[in-house]
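The values are calculated or read from the model by the stated rules, or taken from the named source; none is laboratory data. As the structure is a prediction and not an experimental result, all values here were calculated from the model. When we count neighbours, we look across all protein chains shown, and the Cβ atoms used for this are built from the backbone with ideal geometry, even at glycine. Accessible surface is based on the protein model in full, side chains and every heavy atom, while ligands, DNA and RNA are left aside. Shrake-Rupley method; radii C 1.70, N 1.55, O 1.52, S 1.80 Å.
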Amino acid sequence: DGWNKANGSGIQVPNFIDCHALRFIQGLWYFVSPTGVFASINNCVSWQRVWNNEGYVKGLHPRSFVANGNALFLGTEDAGLWRTLISAPTITTKGATEITGNSAKSGGTIISTGGLPFAGKGICWDTETGPTTGNNVLFAGNSWESYTAVISSLSPATQYFVRAFVQSPKGLVYGDEITFTTENTTGIVAGNCYGTKLY
């Protein structure tokens, strides 16, 4: 009595693949399948694959799984014990493209998940260097796939600084900073000569 089926959102594996070793470790649910390790930060409502088992096609079949605050450990059917360290994710910022007078595209590429699911990812920007999520921000979901987003409502002929970011249980991580200047669609050039504004 009292049992309800939990959601399986985000789990994409063939129907015939067995899943093993459900574990609750430091506030996260994990389970292992032959195609990789999945994790949930919202009590099994949705799942993210934090380790993609590229060895699956080569016959590497994980069967057991444990973790601590420092590493994930996989026991395989016939290929020994495997370990990957848990760390903060790493991300790079995509260069700006399709720049107009009031918009541009940028995004991020996840280099490493760190073995943890993401609470959120996106880009932030400002007219000053070192933008943070406290400035202008655009969220792009919580998967570990690379992403591109459109930055809009920008001012023409203005320099902007952009950084990709990702939020995980290890904290908020920013990518490298890129910069671009929007087009001068008005053709008006502003200057300042001894305190007098010139257009």
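See the values below:
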| item | result |
| --- | --- |
| Surface share of carbon and sulfur [accessible, 1.4 angstrom probe, percent] for region 45-199 | 52 |
| Contact order relative to length of the chain, as percent, for alpha carbon pairs under 8 angstrom and 6 or more apart | 16 |
| Å² per residue, accessible surface of region 113-199 at 1.4 Å | 54 |
| Relative contact order for region 90-199, counting Cα pairs under 8 Å that sit 6 or more residues apart, in percent | 32 |
| Pairwise label distance in nanometres, Lys197 with Thr97, each label 7 Å out on the Cα-Cβ vector | 3.7 |
| Choice from Ser87, Ser153, Ser103 showing the highest fluctuation, given a GNM over the chain with Cα pairs closer than 10 Å | Ser153 |
| Number of Lys pairs (Cα under 25 Å; 8 or more positions apart or on different chains) in the chain | 5 |
